[in-house]
Amino acid sequence: QVQLVESGGGLVQAGGSLRLSCAASGSIISINAMGWYRQAPGKQRELVAVIPRFGRTNYTDSVKGRFTISRDNAKNTVYLQMNSLKPEDTAAYYCHADVRPTLWSGTNKYWGQGTQVTVSS
């Protein structure tokens, strides 16, 4: 199986920065898109950023100019650099990855366990 392990969440003051990491491990032939979602209490999960294996990144409007998604394909790891954090960024952040686990399979979508980001005023 495939596991996504996240790290880097925490408590930060408004205007501060955090960097989230998510490392995929297990049965992996290749990983296509990787990305980050977030979910605040009482709200639906929303896409934050996505990065294909090759190509342009995409961001939700509310984080453009503040967040940067990147990946290290050799390490099967995706990052989210979050700058100029705002209280409205407070949420559980979830990593996702489209993984081809075997040579004879298509891709499956996997999720991390979530890491909490709390931004204080």
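The values are calculated or read from the model by the stated rules, or taken from the named source; none is laboratory data. It should be emphasised that the depicted structure is a prediction, and the values quoted were computed from it without experimental measurement. Virtual Cβ from ideal backbone geometry, glycine too; neighbours counted across all protein chains shown. For the accessible areas, the whole protein counts, side chains as well, though only heavy atoms, and no ligand, DNA or RNA atoms are used. Shrake-Rupley method; radii C 1.70, N 1.55, O 1.52, S 1.80 Å.
For the reader, a short list of remarks on this structure follows.
- In nm, spacing of pseudo-spin labels at THR118 and LEU103 (7 Å Cα→C-beta vector): 4.9 nm
- Taking the protein heavy atoms of the chain in the context of the full set of protein chains, the accessible area attributed to carbon and sulfur is 49 percent at 1.4 Å.
- In the context of the full set of protein chains, the chain has a per residue accessible area of 53 Å² (1.4 Å probe).
- Stretch gain in nm, segment ARG45-LEU11, where the contour uses 0.36 nm per residue and the Cα spacing is subtracted: 10.2 nm
- Listed residues ARG56, ARG19, ARG71, most fluctuating in the chain (Gaussian network, C-alpha, under 10 Å): ARG56
- Net dipole in debye of the stretch 17-121 [+1 Lys, Arg Cβ; -1 Asp, Glu Cβ; about Cα centre; nearest 20]: 120 debye
- Within a Gaussian network of the chain (alpha carbon springs, distance under 10 Å), most fluctuating of SER30, SER62, SER21: SER62
- Using the alpha carbons alone, the radius of gyration of the stretch 1-52 stands to its Kirkwood radius in an Rg to Rh ratio of 1.02.
- Given R0 = 25 Å, the distance between the Cβ atoms of LYS64 and GLN1 translates into a calculated FRET efficiency of 0.15.
- When Rg and Dmax are taken over the Cα atoms of the stretch 31-121, they come to 13.8, 50 Å.
- Candidate cross-link partners of LYS86 among the aspartates and glutamates, defined by an alpha-carbon separation under 18 Å and a same-chain spacing of 8 or more, comprise GLU46, ASP61.
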